[in-house]
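S.K.: Here it is, the structure in full.
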Amino acid sequence: MNKEKKAQFLPRGIIPPVITPLTAEGKFNEQAIRKLINHLIDGGVHGLFVAGTTGEFYGMTPEEKRELFLVAMDEAKGRVPVYAGTNGITTRESVMLTQLAEECKVDAVSVLTPMFVTPTQGQLFDHYKTIADNTSLPIVLYNNPPKTGVNLAASTVAKLAEIPNIVSVKDSSGDLTLTAEYIRLTRGREDFNVLMGRDTLIFGALCYGAAGSIASCANVAPTLCASIYNKYMAGDLKGALEDQFTLAPLRIAFTIGTFPSVIKESLTMLGIEAGNCMDPVGPMTSDERERLRQVLVGMGLLQ
């Protein structure tokens, strides 16, 4: 496998984990995601991440993922990198999905820790090393213990960072100390960086040295999320922090409905076709929708 890509590719900026729009029949809505991709790129995002947690990867067949990857690549047209989620419970499944993503010529993959099973740190190392050995694509490790019950230790990430095509880690733990440890233990490497996965902590992670964020809220407020990063990089720390505070109520509002219904409902309110979530995540109640509407009004996203 050619592992030279590592030196050429590092994630950066604001990368929305794109929702997967569904039709009324619950099928993948190709036209809706094409429109959404253009909306996000026009909003200033620095990449697109499909088939992630926000994209309801867990409800999609490999064939549906292949279609999603191909459509995303076709619509992005090289304007921003496309990251594909290749998450599996077993190493075999993650290798298969990663190779499928490579066939679709995506720019990089993001691989969540296994869920349901509880592997040791040694087993997690072997899991990711095997995936890396079976692809030439750049790999973003993905830590999300609130969803999986599995935590990637900082020492494990530091060891994995030595593997040529493992280029980054997204941390959705919500524990800024852990994110900072990922950064501290890999800060001597020019070929590895860290991405924040908790939207309330983008500014804080940038202060520690993170390279950006895979931010669910960027589906709804791409320009605002991108502004946090852009202002920070331009040295406008006060402006970046103010944008972070403006964004916070939307991420905190995720608890109003079952994830990711708040994101899809917000897009619908903004006139962007998203559809419902996959069953059993039903639509939000009228009371929940009204609470969410008030959040969007308060942020200036809705009149």
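S.K.: Could you give the distance between the Cα centres of the range 163-218 and the range 56-82, to the whole Å?
M.R.: 24 Å
S.K.: With the crude spin-label approximation of a point 7 Å out along Cα→Cβ, what separation in nm comes out for GLU64 versus PHE245?
M.R.: 4.2 nm
S.K.: Tell me, what is the percent relative contact order of the range 8-244, built from C-alpha pairs under 8 Å that lie six or more residues apart?
M.R.: Answer for the range 8-244 is 20 percent.
S.K.: Also, I was wondering about something else. Could you check the simple spin-label distance between SER155 and PHE116, using points 7 Å along Cα→Cβ, in nm with one decimal?
M.R.: Rounded to a tenth, the inter-label distance reads 3.0 nm.
S.K.: Can you compute the helix-only [θ] at 222 nm over the chain? Use -39500 (n - 2.57) per DSSP H run of at least 4 residues, normalise by all residues, nearest 500 deg cm²/dmol.
M.R.: Helices in the chain give a 222 nm mean residue ellipticity of -13500 deg cm²/dmol.
S.K.: Something else about it: On a full-extension model of 0.36 nm per residue, what is the gain between LYS27 and VAL281, subtracting their alpha-carbon distance, rounded to one decimal in nm?
M.R.: 89.9 nm
S.K.: Below 15 angstrom from the Cβ of GLU25, what's the summed charge of the other residues (Lys, Arg +1; Asp, Glu -1)?
M.R.: Numbers: positive: LYS27; negative: GLU30, GLU64, GLU273, ASP279.
Surrounding charge for GLU25 is -3.
S.K.: Just grab the label-to-label distance for VAL297 and GLU162, each label 7 Å out from Cα along the Cβ direction, in nm (one decimal).
M.R.: Those two pseudo-labels are separated by 5.7 nm.
S.K.: Compute the length gained on full extension between SER136 and THR268: take 0.36 nm times their separation in residues and subtract their Cα-Cα distance, giving the result in nm to one decimal.
M.R.: 43.7 nm
S.K.: Moving on to the next point. Please state the charge dipole magnitude for the range 132-200, taken about the Cα centre, from unit charges on C-beta atoms (+1 on K and R, -1 on D and E), reported in debye and rounded to the nearest 20.
M.R.: Dipole about the Cα centre, nearest 20: 120 debye.
S.K.: May I ask you to order 185-194, 171-180 by the average number of other C-beta atoms within 10 Å around their residues, highest value first?
M.R.: Highest-to-lowest ranking by the protection proxy: 171-180, 185-194.
S.K.: Place +1 on the Cβ of every Lys and Arg and -1 on the Cβ of every Asp and Glu in the range 8-244, take the dipole about the Cα centre, and give the residue among GLY26, GLN244, ALA218 whose Cα lies farthest towards its positive end.
M.R.: GLN244
S.K.: Arranged by the count of other C-beta atoms within 10 angstrom, fewest first, what order do TYR142, TYR128 take?
M.R.: TYR128, TYR142
S.K.: Which FRET efficiency value, to the nearest 0.05, is calculated for THR258 and GLN99 with the Förster distance at 35 angstrom and r the Cβ-Cβ distance?
M.R.: After rounding to 0.05, the efficiency reads 0.60.
S.K.: Using Cβ contacts closer than 10 Å as the measure, can you line up CYS225, CYS104 from fewest to most?
M.R.: Going from sparsest to densest Cβ surroundings: CYS104, CYS225.
S.K.: Set Lys and Arg Cβ to +1 and Asp and Glu Cβ to -1, take the dipole of the chain about its Cα centre, and tell me which of ILE256, ILE166, LEU70 lies farthest positive.
M.R.: ILE166
S.K.: Also, quick follow-up: Just in the range 53-122: which GluC sites (Glu not before Pro) are loop by DSSP and have at most 13 other Cβ atoms within 10 Å?
M.R.: Sparse-neighbourhood loop GluC sites (Glu not before Pro): none present.
S.K.: With +1 on the Cβ of every Lys and Arg and -1 on the Cβ of every Asp and Glu, and nothing else charged, how large is the dipole of the chain about its Cα centre, in debye rounded to the nearest 20? Walk me through the intermediate numbers first.
M.R.: Values: 28 positive and 32 negative charges, 116 e Å.
It works out to roughly 560 debye.
All of the numbers you see were taken from the coordinates with simple rules; none came from a lab. The shown structure was predicted, so the numbers you read here are calculated from the model rather than taken from an experiment. Please note: Cβ atoms are built from the backbone with ideal geometry, for glycine as well, and neighbour counts cover all protein chains shown.
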